[in-house]
Structures are given as structure tokens and as C-alpha cells.
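Encoded as C-alpha cells, the structure appears first; notes follow it.
Any read-out appearing in this document is the output of simple, stated calculations on the displayed coordinates, not a laboratory observation. Quick caveat, the model's predicted, so the values are computed rather than measured. We place every Cβ from the backbone using ideal geometry, glycine too, and count neighbours over all the protein chains shown.
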Amino acid sequence: RKNLKGRSFLTLKDFTPDEIQYMLDLAANLKAKKKKGITGTTLQGKNVALLFEKPSTRTRCAFTVACIDEGAHPEYLGKDDIQLGHKESVEDTARVLGRMFDGIEFRGFSHETVEKLAKYSGVPVWNGLTDTYHPTQILADFLTLMENFGHLKGLNLVYIGDGRNNMANSMLIGSGKMGVNITIIAPKELWPTQDIVDVAKEYAQESGAQILVTDEVSAVKDADAIYTDVWTSMGEEDKAAERIGLLQPYQVNRELMEMTGKKETIFMHCLPAVKGNEVTEEVFESEKSVVFDEAENRMHTIKAVMVATLGR
Ligand code: CP
Ligand code: NVA
């Protein structure tokens, strides 16, 4: 057992591999219970604020259902509902919310906002996605990998597409921590920034993960899982045409799946997907696609994060 009480969950950088594994195992446990119809009471009496500057299906619903399953009250606060950063500073909003709520989820643009919320609210803050990181998604994806392969260490994970977005960043960090071999395949213009790669490589020295960034599509060889994400993330819609031009050769289609040389290679995507762009309808709908397992696992893993950091 690990004691994570009172901790915020802003990026996976803040957690040891053992702590990450603990949250994954807790999620698997909570999932098995939920399948039997057993929910918990660890968050009874707690009030949880769900702050969203950007839209969401999975993350919002995962936090809401997870709260209610464990007895907490979730309160959704969309971008037009509160004054966050406009008529009231993030610092002041954080101090107000911290007086009323026991935990705060934040999804939005600047990663600095979620850091300020954590610093000034005095309660656990969970990152539901910023421009820079999407750490709860990695927990769901790693739980899905564990379900498919029985382990994480030594798996070959390929992330192909926009190599500089929140998903690529968090995937690099999570893989480096957990000993998953991660290959980022992207055009040079969309390679991850060097600081993220350096951080991942530092973790990899401990875990034994291999980290590779390349623009060669042939690097999908031997992949156990191929992961992709939208070519334009929330907030960068104006880049859509440019990205299609750059990323067309990096589409996940049947030919690319076959290039791994492994029949068992699974297809992963955090969703929502733009079919015909980053993935073909055929691969998305194929039996190799685990995208809806990942979506479901958002709920079990987010529940584990809240139970671990706030639960009785
Ligand atoms: N994957 C994910 O975060 O989905 P939402 O944007 O719907 O929350
Ligand atoms: N990179 C995507 C992830 C969505 C879950 C975005 O930020 O829009």
C-alpha cells in the first residue's frame, strides 16, 4: 500500500514508478468490483469541483461517475460559469474553491493554471488535460496495455502523428517511468521538444525503457501497440490544413498495422478520433482496436487517482 493522501496529480513526473503501479493496480481492483456491482464509500461526504475550460466527454463523465460511485458530490463548472482568470485571478479562485471543495479537477489551456490551482487551493488537484500534459489518459492506456499483455515493462509502444502535443508528452514521461519502450514517429516539425525527451530518457535510465524519436514510418516494426491522436488538438483548430499536409504519411491504416510484423499489434487512441485523418475507419473498427476499453478505463483509473489521493 502506498500513501498518496493529499497529493495532487498534475503530471506523472511527480510520481515514482511504484506509485504509478499502485494507482494502476487499484484501478484494476476497483474495475473488478464495479463489474460485480460493488461500489465504494471512500469519498463519502467529499465535494469535488470539475473545472472545464475546454469541452470533454470521457474526462468529465469519468470524474462524475467515479465521484458518485464512491459517494462524493461532483460539481461541474464550465468556462462560462465562473470567472477563472478573467474577472477573478486563478489564485483567488483557487483559494475560494479550496475553502468549499475537497478536491478539484481542471481541464484547460495553460499548464500553469493547474499548477496555480494546486498551489493556492490547499486541496488535491487533478489534471484533466492541459495544452502540455494529459496524465490521467496515460493511466487508462497503461491499464489497457496491462489487460492485453499482462505487464508493461518491455512492451514496444509506438506513438505516431503529432509528436509535440499533450498526449505525446505524457506518453514519453509515463513510458520512461514504467519501462515501456516508446517510439515517437512524427515529421521533424512535430517532434517533441528536447526537454521532454531528456526527462523521459532520464527516467529510462532507471526503468530500462528505450526512447526513440524518428520520422521513419518503418520504425513501427515490432510494435505491440500503435497509438495515435488527433492531428489538431483543442485550441489549435487554425492549424488543421497545415497538419493534414504534414501528417498524411503518418496515418494509421491497414498497411501501417501490417508493417509491425506482429499479428497481435493493438490499435490505441485516446479519442475523440477524426476517422480518415489519423486513422482509417477500417483500423478503428477492427478487432485490434481497443479504443473503447481505453475510454472505459478512464473512469476506473480516475476513480483510483481520487481514491488514492482523497479517499478514506
Ligand atoms: N480522451 C479524452 O480525454 O476525452 P475527452 O476529451 O472526451 O475527455
Ligand atoms: N491532444 C488532444 C487530446 C484530446 C483528449 C487534445 O488536446 O485535443
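Here are the numbers for the structure shown:
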| quantity | calculated |
| --- | --- |
| Given charges at Cβ of Lys, Arg, Asp, Glu: the chain dipole, positive-most of GLY163, THR113, TRP231 | THR113 |
| Debye log10 I(q)/I(0) for region 137-294, one point scatterer per Cα, at q = 0.17, 0.18, 0.20 Å⁻¹ | -0.94, -1.06, -1.34 |
| Assigned charges on the beta-carbon of Lys, Arg, Asp, Glu; the chain dipole about Cα centre (debye) | 1280 |
| Sum of side-chain charges, GLY245 neighbourhood, beta-carbon under 15 Å (Lys, Arg +1; Asp, Glu -1) | -4 |
| Angle in degrees between helix 291-310 and the longest Cα principal axis of the chain, rounded to the nearest 10 | 40 |
| Dipole of region 137-294, positive end: most advanced residue of LEU212, LEU145, ALA186 [Cβ charges, Cα centre] | LEU212 |
| Degrees separating the helix 58-69 axis from the principal Cα axis of the chain, which is the longest one | 40 |
| Listed peptides 203-214, 50-61 by packing density, highest first (mean Cβ within 10 Å) | 50-61, 203-214 |
| Exposure proxy order (Cβ contacts within 10 Å, fewest to most) of PHE63, PHE149, PHE15 | PHE149, PHE15, PHE63 |
| Cα→Cβ-extended label distance, 7 Å offset, between CYS61 and LYS263, nm | 3.4 |
| Helix-derived mean residue ellipticity, 222 nm - over the chain, DSSP H n ≥ 4, -39500 (n - 2.57), to 500 | -13500 deg cm²/dmol |
| Gain upon complete extension [LYS188, ILE38; 0.36 nm per residue less C-alpha separation] | 49.2 nm |
| Order by protection proxy (mean Cβ within 10 Å, highest first), peptides 170-177, 82-89 | 170-177, 82-89 |
| Rel. contact order, % - alpha carbon contacts under 8 angstrom, at least six apart, the chain | 21 |
| Region 11-22 - phi-based ³J(HN,Hα) in whole Hz, Karplus 6.51/-1.76/1.60, Gly and Pro as x | 8, 6, 4, 7, 10, 6, x, 5, 5, 5, 4, 4 |
| Local electrostatic count, ASP162, Cβ distance below 14 Å [Lys/Arg +1, Asp/Glu -1] | -4 |
| Neighbour-count order for MET167, MET100, fewest beta carbons within 10 angstrom listed first | MET100, MET167 |
| Only Lys, Arg (+1) and Asp, Glu (-1) charged, at Cβ; region 38-139 dipole about Cα centre in debye | 60 |
